[in-house]
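Below is one structure, written out as structure tokens, with a few remarks after it.
The values are calculated or read from the model by the stated rules, or taken from the named source; none is laboratory data. Keep in mind that this is a model prediction, so the values were computed, not measured. In this analysis, Cβ positions are derived from the backbone assuming ideal geometry, glycine residues included, and neighbour counts consider all displayed protein chains.
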Amino acid sequence: MTRTLITNGMIVSATGRASGDVLIDGETIAAILAPGQAAGLGISADRTIDATGKYVVPGGIDVHTHMELPFGGTEASDTFETGTVAAAWGGVTTIVDFAVQNTNTSVHERLAEWHEKAAGNCAIDYGFHQIIGGVDEESLKAMTYLVDNEGITSFKLFMAYPGVLYSDDGQILRAMQNASESGAMIMMHAENGIAIDVLVAQSIARGDTDPRFHSLTRPAEMEGEATHRAIQLAKVAGNVPLYIVHMSASEALEEVAAAQHAGLNVFGETCPQYLYLSLEDHLAQPGFEGAKWVCSTPLRTKHQHHQNDLWKGLRMNELAIVSTDHCPFCFKDQKELGLGDFSKIPNGIGGVEHRMELLYQGVVTGEISLERWVETCATTPARMFGLDRKGEIAPGFDADVLIWDPNNRTKIGINDKHHMNMDHSAYEGFEIDGKVDTVISRGTVVVENDTFVGKVGHGKYVKRGLSRYLH
Ligand code: URP
Ligand code: ZN
Ligand code: ZN
């Protein structure tokens, strides 16, 4: 077994930081040692990585990605191969993607399809959540089976996208009751899709067809209302753990915070796009350009306090996790499907490569601490979603490590740092005061010296346990 020693770095965890050396034996972290202690103990390594002046943190865990997702008449442009290589470039060592079941399709068959897409094609480890787009007797039974046998312990439901993935309140309640029994987590896309579809139809009929109307027809109140409803349903269903995905609106955050203060098992997730991008500066760019930033929930106006509230929510742990909701589409031929009708623009932004970078910039600007960066991007995602060997640098954990250089810089852009399979970057021109230096996935170096040195197929499927966040 190969032994690797990372020396002289600043090891940062969710709770603190200390200088030290990390000893990796094979795929596992074997020991944390005082700087230089290894030599005194007669410990030798096959490889030594000098991390002087750098942070040594757990590899990023992105629990919300959509590789190869069929959506909006097309398919997300990153395959499991291109998407996981890009993730590695961004310091991410595990993703949790979504297998999709729709009305009248079998959960088991659809999950098998997703396994087929991913198996042997990933550069880093991966797990699956299961989307239940058709709640019925069969899918409810399958949910329990997946928890007990397949390492899938979280299920995403949609209050949005009527006719596609939408569940009504009765279906949601039934799925929640089922999850409550098995101990699983419900992930909710909380937007009032029925009301939104009325606003969308009215907007198109008026001739308001530009991309910016995507946000104007999905008002923050519709996110707040659905979040409130989801929380009430979860309470009735036995206080089932409820995780509200991709939150963008202050109104929704208020609902999550109130539920938490009332002692409910409710958790929030946001994404870099909601912390940094806005209706005015991005979605409302002239002509059809704004299509690049069509995603749901939508980018919000910068003239209200959504972004400030989201950063505050991250500091207060009202938002526990930052994921990307990586759902990339090229501008050409994909986003262009919605030319003349914003409702036909496939929803999604690609960002799996840039979450660690963008959130680190929040450390630089003083929005969050270094420890909170680690906590929201690695440690809590692992605990929340039952990735029992990941998210910490500690003996016995998988040797998934990001060495981060705070004295270097990253320029994001299609001709700068960009490895996702997209013809544009949602973060074009962003500059970060820090840089991914070295990435290690289960003991194997996958990125170093500005080069991807990993192997497609190295990434393994990870069966997940129940959420450790509650226990
Ligand atoms: O715009 C988004 N979020 N696309 C991906 C599907 C989803 O709702 O997460
Ligand atoms: Zn969603
Ligand atoms: Zn998503």
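Worth pointing out:
- One residue alone among Lys141, Lys156 is of a type in the set (Lys, Arg) and either over 19 Å from Asp97 (Cα atoms) or more than 16 Å from ligand 3 (Cβ to nearest atom) (or both), and that residue is Lys141.
- Residues of the stretch 4-33 satisfying the condition of being of a type in the set (D, E, K, R) and either out of contact with any Gly (no Cβ under 9 Å at 6 or more places or on another chain) or not assigned by TED's automatic domain parsing to the domain that holds Trp404 (or both): Arg17
- Among the residues of the stretch 131-181, those identified as within 16 Å of ligand 2 (Cβ to nearest atom), touching a Phe, Trp or Tyr at 6+ places or on another chain (Cβ under 8 Å) and under 16 Å from Leu242 (Cα atoms) are Ile131, Ile132, Ser154, Lys156, Phe158, Met159, Ser167, Ala175.
- Condition check for Gly59: away from ligand 2 (no atom under 16 Å from the Cβ), at pLDDT 95 or above, on the phi > 0 side of the Ramachandran plot and within 15 Å of the chain's Cα centre (by Cα): no
- Matching residues, the stretch 426-437, being without any contact (Cβ under 8 Å) to a residue 24 or more places away in the chain and assigned to a loop (DSSP other than H, G, I, E, B): Glu428, Gly429
- Criterion violated by Lys332 - all others in (1) touching an Asp or Glu at 6+ places or on another chain (Cβ under 7 Å); (2) within 16 Å of ligand 2 (Cβ to nearest atom) satisfied: (2)
- Verdict on Ile349 being under 30 Å from Ser203 (Cα atoms) and touching a helix residue (DSSP H, G or I) at 6+ places or on another chain (Cβ under 7 Å): yes
- Those residues of the stretch 326-359 which are polar (S, T, N, Q) and either away from ligand 3 (no atom under 14 Å from the Cβ) or closer than 21 Å to Leu314 by Cα (or both), in sequence order: Gln334, Ser343
- Total residues in the stretch 242-281 satisfying the condition of being more than 14 Å from Lys312 (Cα to Cα) and away from ligand 1 (no atom under 14 Å from the Cβ): the figure is 16.
- When residues of the stretch 91-139 are limited to those that are acidic (Asp, Glu) and closer than 30 Å to Val447 by Cβ, the one nearest to the chain's Cα centre (by Cα): Asp97
- The sole residue among Tyr243, Tyr166 that is buried (at least 24 other Cβ atoms within 10 Å of the Cβ), touching a helix residue (DSSP H, G or I) at 6+ places or on another chain (Cβ under 8 Å), modelled with pLDDT of 95 or more and not β-branched (Val, Ile, Thr) is Tyr243.
- Top-ranked residue in the stretch 327-346 [being aliphatic (A, V, I, L, M) and within 25 Å of Ala99 (Cα to Cα); ranked as surrounded by the fewest Cβ atoms within 10 Å (Cβ to Cβ)]: Leu337
- The set of residues from the stretch 373-390 being closer than 16 Å to Asn317 by Cβ and of a type outside the set (A, V, I, L, M) comprises Trp373, Glu375, Thr376, Cys377, Thr379, Thr380, Pro381, Arg383.
This table checks each residue for (1) away from ligand 1 (no atom under 16 Å from the Cβ); (2) hydroxyl-bearing (Ser, Thr, Tyr).
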{"position": "His115", "(1), (2)": "yes, no"}
{"position": "Gly120", "(1), (2)": "yes, no"}
{"position": "Ile124", "(1), (2)": "yes, no"}
{"position": "Phe128", "(1), (2)": "no, no"}
{"position": "Glu137", "(1), (2)": "yes, no"}
{"position": "Tyr145", "(1), (2)": "yes, yes"}
{"position": "Glu150", "(1), (2)": "yes, no"}
{"position": "Thr153", "(1), (2)": "yes, yes"}
{"position": "Pro162", "(1), (2)": "no, no"}
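- For the condition in the same structural domain as Ala112 (by TED's automatic domain parsing) and more than 26 Å from His458 (Cα to Cα), Gly72 qualifies.
- Summed over the stretch 51-91, residues that are among the β-branched types (Val, Ile, Thr) and within 16 Å of ligand 3 (Cβ to nearest atom) total 4.
- When the helices (runs of 4 or more DSSP H) confined to the stretch 203-321 are screened for residues that are out of contact with any strand residue (DSSP E or B) (no Cβ under 6 Å at 6 or more places or on another chain) and free of Cβ contacts under 8 Å to residues at least 12 places away in the same chain, none reaches at least 3 such residues.
- The residues of the stretch 278-304 that are surrounded by fewer than 21 Cβ atoms within 10 Å (Cβ to Cβ) and at negative phi, listed by number, are Ser278, Glu280, Asp281, Ala284, Gln285, Pro286, Phe288, Glu289, Thr301, Lys302, His303, Gln304.
- Qualifying residue in the stretch 446-453 (condition: buried (at least 23 other Cβ atoms within 10 Å of the Cβ) and of a type outside the set (Lys, Arg)): yes
- The stretch 69-84 - residue that is modelled with pLDDT of 95 or more and either within 18 Å of Cys377 (Cα to Cα) or within 16 Å of ligand 2 (Cβ to nearest atom) (or both) and, of those, surrounded by the most Cβ atoms within 10 Å (Cβ to Cβ): Gly83
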